[in-house]
Amino acid sequence: GIGNAVMKELCERGQNVIAHSRCERENFINEIRELREIYHIDIEPIYFDITNNKKMGLEIKKIIAEGKQIDTLINCAGIASFSFFPLTKISEIRKVFDNNLFSIMEITQLLVKQMIKRKKGCIVNISSIAGIDVQTNNSAYGVSKAAVNAFTKGLAMELGQFNIRVNAVAPGIVDTDMVKISGEDNYKLLVSNSAMKRAADPKEVAKAVAWICSEEASYVNGQIIRLDGGMI
């Protein structure tokens with residue numbers, strides 16, 4: 001959903017991209033090939049499960065060893081969890097945190113040292129309004145995204161001295177498969193809570209991310225940017 005849209009938006013703007021997927025899929029490989037041909041940029045896939053820290057470390061070290069310069073990191077992977085907290089297993093909560101928080105902290109740590117050496121970089125974390133506003137049956141996901149927001153602000157304070165900006169985009173309801181797993185009734189309720197009475201297109205989120213990465217946003221740092229169509 002959002003990650004795919006961000007990938008395409010950055011390619012359209014002439015950026016070279018290393019596109020991450022959990023596993024090799026034919027449609028993903030075909031998309032990579034098409035984007036390369038259309039925009040004449042360097043785009044290549046990389047595969048690992050973000051909760052497999054050993055595999056992640058090996059793949060990131062390969063990128064660095066090949067001399068590739070990472071100017072921008074978009075942390076977009078994550079999973080949802082919608083359940084009544086007293087009945088939610090702690091193992092499920094740990095799984096959500098492993099995917100939504102610890103994985104992005106780890107991959108950021110693996111890549112940020114390279115940015116510090118060059119004194120240049122941009123990191124964008126995809127958060128959620130669930131990490132800002134209280135929502136029922138959303139403790140695991142909401143608290144994980146609140147932690148992403150805190151991580152974003154804290155890291156921005158630490159890395160600003162190295163000319164590295166760290167921000168987060170916090171979308172509301174976005175028209176993706178992940179949002180719809182909460183059920184049709186909940187999806188409709190979330191849409192009705194938006195002043196615009198519609199879900200965001202993933203492309204709209206991608207354009208906001210691309211703007212944050214651009215020189216136009218060169219003094220935007222430590223911000224959690226709501227992108228929710230005016231939630232009530």
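Considering only residues that are loosely packed, with under 14 Cβ neighbours inside 10 Å and in contact (Cβ under 8 Å) with a residue 12 or more places away in the chain, which ones fall in region 215-232? Answer for region 215-232, where residues must be loosely packed, with under 14 Cβ neighbours inside 10 Å and in contact (Cβ under 8 Å) with a residue 12 or more places away in the chain: 218, 230, 232.
Quick check: anything in region 172-195 modelled with pLDDT of 95 or more, more than 19 Å from residue 93 (Cα to Cα), touching a strand residue (DSSP E or B) at 6+ places or on another chain (Cβ under 6 Å) and not β-branched (Val, Ile, Thr)?
As a first pass, look at region 172-195 and keep what is modelled with pLDDT of 95 or more: none.
Looking for residues that are modelled with pLDDT of 95 or more, more than 19 Å from residue 93 (Cα to Cα), touching a strand residue (DSSP E or B) at 6+ places or on another chain (Cβ under 6 Å) and not β-branched (Val, Ile, Thr), one finds none in region 172-195, hence no.
Can you confirm whether region 83-97 contains a residue that is surrounded by 19 or more Cβ atoms within 10 Å (Cβ to Cβ), without any contact (Cβ under 8 Å) to a residue 60 or more places away in the chain and within 28 Å of residue 13 (Cα to Cα)? No, region 83-97 contains no residue that is surrounded by 19 or more Cβ atoms within 10 Å (Cβ to Cβ), without any contact (Cβ under 8 Å) to a residue 60 or more places away in the chain and within 28 Å of residue 13 (Cα to Cα). Filtering region 158-178 to residues that are small (Gly, Ala, Ser), outside any strand (DSSP E or B) and crowded, with 16+ Cβ neighbours inside 10 Å leaves only 172.
Among the residues of region 1-57, just one is in contact (Cβ under 8 Å) with a residue 40 or more places away in the chain, surrounded by 16 or more Cβ atoms within 10 Å (Cβ to Cβ) and farther than 18 Å from residue 77 by Cβ, namely 15. Using the structure shown, decide if residue 207 is part of a helix (DSSP H, G or I) and out of contact with any Pro (no Cβ under 9 Å at 6 or more places or on another chain). The answer is yes for residue 207.
For region 185-201, the criterion of being assigned to a loop (DSSP other than H, G, I, E, B), among the polar types (S, T, N, Q) and closer than 22 Å to residue 15 by Cα is met by no residue. Residue under question is residue 155, and the condition is that it be more than 24 Å from residue 90 (Cβ to Cβ), modelled with pLDDT of 95 or more and not in a strand (DSSP E or B); does it hold? Yes; evaluated as a whole, the condition is true for this residue.
Condition first: in contact (Cβ under 8 Å) with a residue 40 or more places away in the chain and within 30 Å of residue 114 (Cα to Cα). Can you find one or more residues in region 175-182 that meet it? No - not one qualifying residue is present in region 175-182. Among the conditions (1) of a type in the set (Ser, Thr, Tyr); (2) without any contact (Cβ under 8 Å) to a residue 12 or more places away in the chain; (3) crowded, with 22+ Cβ neighbours inside 10 Å, residue 144 misses just one, which is (2).
Which one of 206, 195, 200, 210 is without any contact (Cβ under 8 Å) to a residue 60 or more places away in the chain, out of contact with any Ser or Thr (no Cβ under 8 Å at 6 or more places or on another chain), buried (at least 18 other Cβ atoms within 10 Å of the Cβ) and not aromatic (Phe, Trp, Tyr)?
Numbers: 206 fails: without any contact (Cβ under 8 Å) to a residue 60 or more places away in the chain; 195 fails: buried (at least 18 other Cβ atoms within 10 Å of the Cβ); 210 fails: without any contact (Cβ under 8 Å) to a residue 60 or more places away in the chain.
The unique qualifying residue is 200.
The values are calculated or read from the model by the stated rules, or taken from the named source; none is laboratory data. Just so you know, these numbers come straight off a predicted model, no measurement behind them. Heads up, the Cβs are rebuilt from the backbone with ideal geometry, glycines too, and the neighbour counts pull from every protein chain shown.
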